[in-house]
Structure formats: structure tokens, C-alpha cells
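Asker: Dumping the structure here so I can ask a few things about it.
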Amino acid sequence: MSDAAQPIAPPRTFRVTSFGCQMNVYDGERMAELLGSQGLEEAAEGENADLVVLNTCHIRERAAERVYSNIGHLSKRGRRADGSAPLIAVAGCVAQAEGEEIMARAPAVGLVVGPQAYHRLPALLREAVEGRRAVDTEMPPQAKFAALPARRKVAPSAFLTVQEGCDKFCTYCVVPYTRGAEISRPYADLVAEAQRLVEAGAREITLLGQNVNAWSGEDEKGRAVGLAGLIDALSDIAGLARIRYTTSHPADMDTAAGKALIAAHGQNPKLMPFLHLPVQSGSDRVLKAMNRSHDAAGYLALLDRFRAVRPDIALSGDFIVGFPGETEAEFAETLKLVDAVGYAQAFSFKYSPRPGTPAATMAAQVAPAVMDERLQRLQAALGRHQHAFNAASVGKRCHVLVERKGKLPGQWLGKTPWLQSAHFFADAAIGDLVEVDLVEAGPNSLAARPV
Ligand code: SAH
Ligand code: SF4
Ligand code: F3S
């Protein structure tokens, strides 16, 4: 830590910019609420903020590099009203992984705070204002949740982090290092927070966790429950119409709690027919080298169990191409799996070697040009399946949760139960559940007509 910095005027306005996964989005919202409770005001759109919190992601090299280019840009152009430089705070997973390095490399950064320590933002801010640059990357499990202010106004579709961290140690992944070991937030806290989210305007809640289906807790009678038990409790909240969860891991579907979760898809009408279950590869050799616990056949069999209870369930996944040693034949197995599943949507990435992970030093790293070419073929296949899934939805009647205005007058945008974007013209408002017929399919969205 350096003490070279000078005291600065306390910030009056702030902006939180989140990168990476939905859990970072949730953390970003909570940091904004915390700063708001300290009397700071969110900067208006297009205006410079006195304090900028970069809530960063470390998952791939490009994501991690983005923080330094953002810092450079902000320190040149982000001037405060009096012409001074803004206070830059780095939060999130890059902060956790490279806290001291950021301080050394970027003198413009006034404070660094990890994903488990951001409840201490106000105290760190005071230190930074006094000219003492501060780093806090402690990982006290759950301390932050108790120390955060209550939820205020939220969008109709809200996030709720229920589980954090990962014990799986896939050989390519930084998450177990940046987010720590798996922990579950207590049942009663989550029911209370969900209630407050609904009071603050949420109609849909997406339960979040790096391995959300590993969540476990005790209900009000002290009985052990898994995610399905929590979902059942939340579905008793009258104003809550829809429940989703993400991201799931195949390994945690094979337990008793996993079985209950699969069953819930056939029983709980508030639980939406959508499953994001990353597979990463269709090759058993690659899956083993990745330290994934499943093989391709086991993964497909698991999806069949979901389809047996909820035949219309929309499936989503994550893929990595070019894992060290991946051959053309092994990549072809991924394409085969994609065709076998018929995903409604998916995320796909080129393998990115991450310092400190086992895969980064494996032999036979795949050439970037080969990765590019494989990613293109994979994305073309995924795009075809997404379009086909959308086309097969035409003619269905369903509800769309209105999330925002469209570009055209009188047009609204929202999501179907299968998490497709739908647009339609109606006399509606944000937060409405509008019953529609799906009338026309595009590659990424559907046109709908109110019933
Ligand atoms: N816990 C979730 C995913 C967390 S990270 C799960 O296990 O499914 C989100 C996605 O980023 C991963 O599913 C993986 O597809 C991708 N990813 C993670 N590390 C990566 C790396 N080093 N290079 C490329 N993609 C990566
Ligand atoms: Fe990363 Fe694997 Fe954990 Fe997912 S399960 S967060 S990919 S280590
Ligand atoms: Fe990125 Fe951290 Fe999420 S590395 S994907 S922000 S858990």
C-alpha cells in the first residue's frame, strides 16, 4: 500500500459499472444501494461521476485486461466538476485476484475491494479520501450480507444471490480462487430478501449462485432443504409470479436435492421452464481433462430427466472451444452433442489460459486461429438451434413479463417463460404480465400479439 496519494474532496456522485456474470450485477446493485445509503447520489447518465466503482470479472484474459483500459480512460477523461480526477475503486474478481498488482500498476486507483468485502466500502472510501489508498480482499463468509442496507426499488426481473463460491476446481477456471469455497446463504434471510424484492417491484426473481443447485439450508422447522425447498417457500409470496435459477452444475443434480429440483419443474407452476446447465465439451477425454464430473452420455441422460417432467423446457449451456489438447475429432463431438440437445440458447468461448490454473500449463495449447475457426462453427450451430427453437414456439400462447419500452412508439419488450425476448404492441406498463400469442420468430427474438 502506498501513502503517496493526497487527500481529495469527498465524492458526491458515484457510478458502479459491472462486468462479468449476473452475480456481479447483483453485487453491483448492492454496492449502489450501500453508497446511496451513505448519502452519495448516482451520477446521471452521460455525466462524469466523482467516484467510479469498476466491478470487474477475471474469467478470461480479455475480461481482466478491460479493467486497466477502463482505468486509463477514466483517469484521462472522467474529470469531476472541479477538474480533479475521479476516485476509482476496483471491485469484483480482478480485485480479488490482483489487488496489490492493481495498486502497483494503476496509481489512479484509490481503493480495491474484493467480492466478499464490499460491505466495508464506506470505511475504505473514507481512507481513500484522506489520501490513504486501501486494499481489502478478505473473505469473511457472508459477513457482507448482514451489513448491507435493505433493498430499495428494483426492476420487475430481479436477481437474488443465494449461493456463492465453488469447490469444483475445473482445471481452466479462476472462480474457486476469486470467489472462495461454496457457501449457502441462510433460508430465512433469503425468504426475507425475496419478500422485500417483491415489495420493491420484482415480479420475477432469478436465484443466483456459481453452483446454485448446490444451495442447502434449513427451513423454519429446522428440516434440511435443497434449492427446490427454497423455491417452494418463495412461491408462497403472493406478488411473485416467476422464479428462475442459474448457474447449475451437473454434479449437484445427482443428489437427493437435485432430484427434488428436477421434480419441482413438473410441480411448481411459478418455476419457469428453463435450465442453464453448462456442459463445456462433448468429448469425454476433454471433460476429464477439464475435471468436469460428467461425461457426454451422463449429461444427455440428465437432460432427459428434466424433459420427462417438463417436455417444453428450454435448455441452455456454456461451451469452451480449444481447451489444451482438443483435437478436431474431439471438437466434432461437441458439435454432435449440440445437435443432440437442440439448445434454446447458449454461451460459447475460446479457451483462455488463466494464471495459476492447472490448464494454463498443460501441453498442446491450441493455436488461436484454430480456436477462432472452431468457435465460428460452434456458434453457427448454436445459432441454428436457437432460431429453430424460436420457430417452434410460434403459435404458442404464453405470458410475457414486460421489462422495458421498445424502440417504436407503443412497443414493449419482455421475456417469455422460456427466456426468449419478445416484442409486441399493447397498452401495457413495465412489470405487467401480458398474455400473448407468439406470431413470428427471428434468430434472437419473437414477435408477439396480445390476446
Ligand atoms: N459455475 C458455472 C460457470 C461459471 S464461469 C459452471 O460451472 O458452469 C462461466 C463460463 O465461463 C463457464 O461455464 C465456462 O464456459 C467459461 N469459462 C470459465 N473459465 C474459462 C476460461 N479459462 N476460458 C474460457 N472460458 C472460460
Ligand atoms: Fe468454474 Fe467449474 Fe466452478 Fe463453474 S464449476 S465456477 S466452471 S470451477
Ligand atoms: Fe467473472 Fe467473477 Fe463472475 S470471474 S464470471 S465476475 S464470478
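The values are calculated or read from the model by the stated rules, or taken from the named source; none is laboratory data. Just so you know, these numbers come straight off a predicted model, no measurement behind them. All Cβ positions, glycine included, derive from the backbone under ideal geometry; neighbour counts span all protein chains shown.
Asker: Applying the selection to the range 101-123, what residues are away from ligand 3 (no atom under 16 Å from the Cβ) and either free of Cβ contacts under 8 Å to residues at least 24 places away in the same chain or farther than 24 Å from LYS76 by Cβ (or both)?
Answerer: Listed by number, the residues that qualify are ALA104, HIS119, ARG120, LEU121, PRO122, ALA123.
Asker: Kindly indicate the residue of the range 256-286 that is polar (S, T, N, Q) and over 26 Å from PHE319 (Cβ atoms) and also nearest to ligand 3 (Cβ to nearest atom) among those meeting that condition.
Answerer: Across the range 256-286, the extreme among qualifying residues is ASN268.
Asker: Oh, and also: For the range 279-315, which positions are out of contact with any Leu (no Cβ under 7 Å at 6 or more places or on another chain), in contact (Cβ under 8 Å) with a residue 60 or more places away in the chain and under 29 Å from ARG397 (Cα atoms)?
Answerer: ASP312
Asker: Any idea how many residues of the range 57-88 are away from ligand 3 (no atom under 12 Å from the Cβ) and either crowded, with 19+ Cβ neighbours inside 10 Å or under 24 Å from GLU45 (Cβ atoms) (or both)?
Answerer: Residues that pass the stated criteria total 20.
Asker: If I go through the range 271-297 residue by residue, how many of them are outside any loop (DSSP other than H, G, I, E, B) and surrounded by 15 or more Cβ atoms within 10 Å (Cβ to Cβ)?
Answerer: Number of matching residues: 11.
Asker: Quick one: THR334 ticks every box in (1) under 23 Å from LEU275 (Cα atoms); (2) of a type in the set (Ser, Thr, Tyr); (3) not in a helix (DSSP H, G or I) bar one, so which box is it?
Answerer: (3)
Asker: Here's a follow-up. Taking the conditions exactly as written (among the small types (Gly, Ala, Ser) and touching a His at 6+ places or on another chain (Cβ under 9 Å)), does ALA346 satisfy them or not?
Answerer: Here the answer is yes, as ALA346 does meet what is asked.
Asker: Give the residue, chosen from ARG404, ARG397, that is touching a Leu at 6+ places or on another chain (Cβ under 6 Å), surrounded by fewer than 17 Cβ atoms within 10 Å (Cβ to Cβ) and not small (Gly, Ala, Ser).
Answerer: The match here is ARG404.
Asker: When you scan the range 30-50, do you find a residue that is within 16 Å of ligand 3 (Cβ to nearest atom) and within 27 Å of PHE145 (Cβ to Cβ), even just one?
Answerer: yes
Asker: Shifting gears a bit: How many residues does the range 213-251 hold that are within 16 Å of ligand 3 (Cβ to nearest atom) and in contact with a Pro (Cβ under 7 Å, 6 or more places away or on another chain)?
Answerer: 1
Asker: What tally of residues in the range 19-57 results from selecting those that are of a type in the set (Ser, Thr, Tyr) and under 23 Å from GLU127 (Cβ atoms)?
Answerer: Result for the range 19-57: 2.
Asker: Got at least one residue in the range 409-420 being surrounded by 14 or more Cβ atoms within 10 Å (Cβ to Cβ), within 13 Å of ligand 1 (Cβ to nearest atom) and closer than 26 Å to PHE274 by Cβ?
Answerer: no
Asker: OK, next. For the range 361-374, state whether one or more residues are among the small types (Gly, Ala, Ser), on the phi > 0 side of the Ramachandran plot and away from ligand 3 (no atom under 16 Å from the Cβ).
Answerer: yes
Asker: Name the single residue, out of those in the range 244-269 being farther than 15 Å from ARG310 by Cα and among the β-branched types (Val, Ile, Thr), that is surrounded by the fewest Cβ atoms within 10 Å (Cβ to Cβ).
Answerer: Ranking the candidates gives THR255 first.
For (1) within 14 Å of GLN345 (Cβ to Cβ); (2) outside any strand (DSSP E or B), each residue gets a yes or a no:
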residue	(1), (2)
PRO409	no, yes
GLY414	no, no
ASP427	no, yes
LEU446	yes, no
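Asker: Give just the number: which of (1) at pLDDT 90 or above; (2) within 30 Å of VAL402 (Cβ to Cβ); (3) away from ligand 3 (no atom under 16 Å from the Cβ); (4) not small (Gly, Ala, Ser) does ARG126 not satisfy?
Answerer: Among (1) at pLDDT 90 or above; (2) within 30 Å of VAL402 (Cβ to Cβ); (3) away from ligand 3 (no atom under 16 Å from the Cβ); (4) not small (Gly, Ala, Ser), the lone unmet condition for ARG126 is (2).
Asker: Right, next: I need a count of the residues in the range 354-367 that are part of a loop (DSSP other than H, G, I, E, B), within 15 Å of ligand 2 (Cβ to nearest atom) and surrounded by 16 or more Cβ atoms within 10 Å (Cβ to Cβ).
Answerer: Here the count works out to 2.
Asker: Okay, moving on. From PRO107, PRO176, PRO156, which residue is of a type outside the set (Ser, Thr, Tyr), within 16 Å of ligand 2 (Cβ to nearest atom) and over 28 Å from GLY222 (Cα atoms)?
Answerer: Just one listed residue meets the conditions, PRO176.
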